[in-house]
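Participant: Take a look at the following structure, please.
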Amino acid sequence: MSRYLSSWKVGGDAGFGIKSAGLTFAKVCKRAGYFVFGYDEYPSLIRGGHNTYQVTVSESSVASTAEEVDILVVLNKDTFTRHAKELNHGAVVIYDKTSLPITLTAAQKELHIKLVHVPLAALTEQAKGQPIMRNTVSLGASQAGVGLPFSMLASVIKQTFGHKSALIETNIAAARLGYEYVRKEYPQLDFKTKLRNKPDGRELLLTGNDAISLGALAADLRFYVAYPMTPSSTILHYLAGKASSQKLVVKHAEDEISVINMALGASHAGVRAMVGTSGGGFSLMVESQGLAGITETPIVIVNAQRPGPATGLPTWTEQGDLRFVMHAAQGEFPRIVLAPGDHAECFYMTAKAFNWADRYQVPVIILTDKFLGESHRTVDPFDVKQVTVDRSKALMSDAALRKTKAYKRYRVTADGISSRSIPGQKNGVYLANSDEHDEYGFSDEESENRIDQVRKRARKFALAAREINGAVLYGSPKAKKTVVAWGSMKGPVQDAIAWLHPGLQRKINFLHLNVLWPFPSEVVAQVLGRAKSALLVENNSTAQLGGLIRQQTGIYLEHKLLKYDGRPLYPSEIKERLLTL
């Protein structure tokens with residue numbers, strides 16, 4: 001049994017407004033008071049290919065996309081061919097039989113699949129719209145089928161097209177024709193939905209990348225630089241749109257090497273800086289991440305994962321970069337690796353990332369992925385009051401250095417953290433040197449100095465390990481069965497557990513890791529030590545977290561659910577495996 005109210009999916013050729021149609025449907029459902037989760041899939045082509053957008057609708061919070069589809073809008077032949085196997089019992093297929101005839105198989109008839117013919121092309125022409133507006137006609141048809149008032153769809157269309165009155169009128173006319181056609185020809189059609197009595201509209205509808213951007217802005221981000229790389233590109237797009245109003249510098253650099261060096265320059269000059277990329281771009285940043293390590297320059301790096309190696313599957317999802325970002329370096333230096341699990345964590349953990357980068361003067365890497373970064377979800381408004389800006393030992397005024405006679409930027413301290421001056425400050429001059437250096441920053445290759453500086457930098461990481469806990473346990477600590485996952489698998493796991501019978505739910509808890517390095521060894525060992533059995537859930541082929549757990553605690557997790565075909569894990573897959581645990 002699914003706890004979802006309905007799952008709606010539209011498919012068609014790239015360039016025919018598939019994503020915009022899906023997002024419009026999600027917005028309408030959100031305005032009706034539902035919780036939604038929207039996820040799009042598209043091929044790694046410059047032009048063409050088959051695109052889909054799926055909206056999972058629920059009366060309670062939903063954090064993942066459904067495997068099954070209740071309403072399938074077919075805008076090209078590929079849509080039915082590829083996705084018929086996903087149709088749920090009693091599902092509805094909206095299509096135009098004049099251009100895309102569909103014949104149900106015996107098995108599909110047994111599932112009571114309903115074919116709903118809507119003359120999409122003819123109604124689009126009647127509305128005097130372009131062929132792309134078939135998607136708008138299908139939205140009107142879907143709106144009628146789910147029983148939501150047409151005024152909600154019209155309102156979203158007006159908001160989408162803003163001041164473009166001609167487009168507003170044509171799209172509303174097209175949507176109304178689809179709506180009225182279904183109301184007239186299929187009066188008994190029931191998509192098993194009902195309008196909530198009190199739509200409150202309080203929730204936000206945004207992507208994980210939007211939430212990362214907002215978290216960065218709340219943390220006083222002043223410089224963002226990136227080279228576009230799916231699935232991190234929308235962070236660049238979002239922040240570029242906010243640059244003027246937020247007094248933010250946003251740069252599209254020529255490559256990822258320039259990206260990280262420009263950001264390090266900005267951070268060295270005293271402003272908070274962030275870069276965004278994916279695994280391939282991060283590969284080019286590795287040498288300069290070492291520069292950040294030895295110069296102890298704070299920087300926040302977003303690595304939005306996608307399947308590799310090399311170009312791999314550029315527009316699909318995976319959790320394959322954990323080990324890479326933990327160890328990517330020439331030599332040894334501390335860094336912090338975060339992996340937010342949902343849209344709220346994307347916001348709050350990004351804000352914390354800047355404080356931690358400043359406090360420990362290290363690179364902080366935020367690991368997200370296509371599934372989390374590009375999915376739309378309804379979430380409670382973020383509480384900006386929870387975000388504090390802590391520059392720690394950054395000396396932001398000349399007064400802080402007034403009595404300094406011999407400023408030591410890399411002073412060997414008990415906690416490993418030295419005060420950091422900003423260029424131009426009186427009495428705060430030092431050399432930022434990529435060679436090993438003494439406390440002033442001057443090159444020094446002597447054995448004693450090398451040992452002192454390595455140990456100094458290591459103490460910062462030891463301090464971070466004591467101060468940061470990245471393991472969160474959901475459910476009873478006394479539960480005999482434990483699910484273990486990291487990052488974006490939080491939503492699918494929580495949804496899967498919510499599907500279970502209440503009696504079984506009480507026997508399962510969920511250990512989610514959103515800080516992977518420093519690794520929360522003590523908490524993980526305690527939780528897994530109490531469990532009678534445990535299931536590891538990861539979106540990769542080699543169980544990277546499982547290996548890290550064994551390395552850090554000695555505990556081997558025998559039961560694993562791994563997926564690595566570029567698609568996210570569905571709650572139904574996790575639920576099925578839990579029933580056999």
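The values are calculated or read from the model by the stated rules, or taken from the named source; none is laboratory data. Remember, it's a predicted structure, so these values are computed and weren't measured experimentally. Counting neighbours? That spans all protein chains shown, and the Cβs are built from the backbone with ideal geometry, glycine included. We work out accessible area using only protein heavy atoms, side chains counted, and drop any ligands, DNA or RNA first. Shrake-Rupley method; radii C 1.70, N 1.55, O 1.52, S 1.80 Å.
Participant: Projected onto the charge dipole of the stretch 269-337 (+1 at Lys/Arg Cβ, -1 at Asp/Glu Cβ, origin at the Cα centre), which of Leu291, Gly280, Gln305 gives the Cα projection farthest towards the positive end?
Facilitator: About the Cα centre, the residue reaching furthest to the positive side is Gln305.
Participant: Let me ask you something else. How large is log10 I(q)/I(0) at q = 0.13, 0.17, 0.20, 0.32 Å⁻¹ when the Debye formula is applied to the Cα atoms of the stretch 402-455, each weighted equally and without solvent?
Facilitator: The computed values of log10 I(q)/I(0) come out as -0.32, -0.53, -0.71, -1.33.
Participant: Ok, one more. With every protein chain present, what accessible area does His512 have (1.4 Å probe, heavy atoms only), rounded to the nearest 10 Å²?
Facilitator: 0 Å²
Participant: Would you please name the GluC sites (Glu not before Pro) within the stretch 226-310 that are DSSP coil residues with at most 14 other C-beta atoms within 10 Å of their C-beta?
Facilitator: Hits after loop and neighbour filter: Glu254.
Participant: For the chain, compute Rh as the Kirkwood radius over C-alpha pairs and then the Stokes-Einstein diffusion coefficient at 10 °C and 1.306 mPa s; write the answer in µm²/s, rounded to an integer.
Facilitator: Estimated via Stokes-Einstein, D reaches 62 µm²/s.
Participant: So, one more: On the full set of protein chains, 1.4 Å probe, figure out the accessible area of Arg459 and give it in Å² to the nearest 10.
Facilitator: That residue has around 80 Å² of solvent-accessible surface.
Participant: A further question follows. Ordering Phe510, Phe324, Phe223 by how much accessible area each has at a 1.4 Å probe, largest first, what is the list?
Facilitator: Largest accessible area first, the residues go Phe324, Phe223, Phe510.
Participant: Once R0 is set to 41 Å, what does the formula 1/(1 + (r/R0)^6) return for the Cβ-Cβ distance between Lys532 and His89, expressed as a FRET efficiency to the nearest 0.05?
Facilitator: 0.70
Participant: Sticking with this one: Suppose every K and R has +1 on its Cβ and every D and E has -1 on its Cβ; what is the size of the dipole of the stretch 440-492 about the Cα centre, in Debye to the nearest 20?
Facilitator: The dipole magnitude comes to about 680 debye.
Participant: A further question on this structure: What full-extension length gain, to one decimal in nm, is calculated for Ala106 and Ala253 as 0.36 nm per residue of separation minus the Cα-Cα distance?
Facilitator: Extra length available between Ala106 and Ala253 comes to 47.3 nm.
Participant: Taking R0 as 51 Å, what's the FRET efficiency between Asn469 and Asp435 from their Cβ-Cβ distance, rounded to 0.05?
Facilitator: With R0 = 51 Å, the Cβ-Cβ based efficiency is 0.90.
Participant: Next question, about the same structure. With contacts defined as alpha carbon pairs under 8 Å and 6 or more residues apart, what's the relative contact order of the chain in percent?
Facilitator: Reported as a whole number, the value is 12 percent.
Participant: Report the full-extension gain for the segment Glu59 to Ile451: residue separation times 0.36 nm, less the Cα-Cα distance, to one decimal in nm.
Facilitator: My answer for the length gained is 135.2 nm.
Participant: Can you classify the stretch 229-289 as rounded, prolate or oblate using the Cα gyration tensor, where a ≥ b ≥ c are the square roots of its eigenvalues, rounded means a/c under 1.5, and otherwise it's prolate if a/b beats b/c and oblate if not?
Facilitator: Oblate is the answer for the stretch 229-289, as a/c is 1.5 or above yet b/c matches or exceeds a/b.
Participant: In the structure displayed, which of Lys19/Lys242; Lys507/Lys575; Lys128/Lys164 lie more than 20 Å apart, Cα to Cα?
Facilitator: Violating the 20 Å limit, Cα to Cα: Lys19/Lys242.
Participant: Something else about it: Please tell me the relative contact order of the stretch 73-209 in percent, rounded to the nearest whole number, where contacts are Cα pairs under 8 Å and at least six residues apart.
Facilitator: Answer for the stretch 73-209 is 23 percent.
Participant: With r defined as the distance between the Cβ atoms of Val384 and Gln126 and R0 fixed at 51 Å, what FRET efficiency is calculated, to the nearest 0.05?
Facilitator: Efficiency for this residue pair is about 0.60.
Participant: In addition: Cα gyration tensor of the stretch 348-395, axes a ≥ b ≥ c as square roots of the eigenvalues: rounded (a/c below 1.5), prolate (a/b > b/c) or oblate?
Facilitator: Oblate shape, in that a/c is at least 1.5 and b/c is the bigger or equal ratio.
Participant: Over what distance in Å are the Cα centres of the stretch 231-298 and the stretch 366-422 separated?
Facilitator: Between the Cα centres of the stretch 231-298 and the stretch 366-422 lies a distance of 15 Å.
Participant: Amide H neighbours of Leu5 under 5 Å, counting only residues 5+ apart in sequence or on other chains, H built in-plane at 1.01 Å?
Facilitator: Placed amide hydrogens put Val57, Ser58, Glu59 under 5 Å from Leu5.
Participant: Another one. So which GluC sites (Glu not before Pro) in the stretch 305-384 are both in a DSSP loop and have at most 12 other Cβ atoms within 10 Å of their Cβ?
Facilitator: Counting only loop positions with at most 12 other Cβ atoms within 10 Å, the GluC sites (Glu not before Pro) in the stretch 305-384 are Glu332.
Participant: A further question on this structure: In what order, largest first, do Tyr39, Tyr440 sit by accessible area if the probe radius is 1.4 Å?
Facilitator: Ranked list, largest accessible area first: Tyr440, Tyr39.
Participant: With +1 on each Lys and Arg Cβ and -1 on each Asp and Glu Cβ, how big is the dipole of the chain about its Cα centre, in debye rounded to the nearest 20?
Facilitator: Dipole of the chain, to the nearest 20 debye: 1480 debye.
Participant: Also, quick follow-up: Kindly identify the stretch 503-546 as rounded, prolate or oblate by the Cα gyration tensor criterion: order the square roots of the eigenvalues as a ≥ b ≥ c, call it rounded if a/c is under 1.5, otherwise compare a/b with b/c, prolate if a/b is larger, else oblate.
Facilitator: Oblate is the answer for the stretch 503-546, as a/c is 1.5 or above yet b/c matches or exceeds a/b.
Participant: Scattering from the C-alpha atoms of the stretch 192-296 alone, worked out with Debye: what is log10 I(q)/I(0) at q = 0.13, 0.14, 0.21, 0.22 1/Å?
Facilitator: These q points yield log10 I(q)/I(0) values of -0.52, -0.58, -1.11, -1.20.
Participant: Sticking with this structure for a sec: So, in Å, what gap is there between the alpha-carbon centers of the stretch 564-581 and the stretch 512-546?
Facilitator: Using only Cα atoms to place each centre, the spacing works out to 17 Å.
Participant: Also, quick follow-up: For the pair Ala14/Thr580, report the inter-label distance in nm, with labels modelled 7 Å from Cα in the Cβ direction.
Facilitator: In this crude label model, Ala14 to Thr580 measures out at 3.6 nm.
Participant: Another question about this same structure. Counting each DSSP H run of 4 or more residues in the chain as -39500 (n - 2.57), what helix-only mean residue ellipticity at 222 nm follows after dividing by all residues, to the nearest 500 deg cm²/dmol?
Facilitator: Result for the chain: -12000 deg cm²/dmol, rounded to the nearest 500.
Participant: Taking the Cα centre of the stretch 319-416 as origin, sum charge times position over the Cβ atoms of Lys and Arg (+1) and Asp and Glu (-1), and report the length of that vector in debye to the nearest 20.
Facilitator: I would put it at about 840 debye.
Participant: Name the residue from Phe161, Val249, Ser60 whose Cα lies farthest towards the positive end of the charge dipole of the chain, charges +1 on Cβ of Lys and Arg and -1 on Cβ of Asp and Glu.
Facilitator: Ser60
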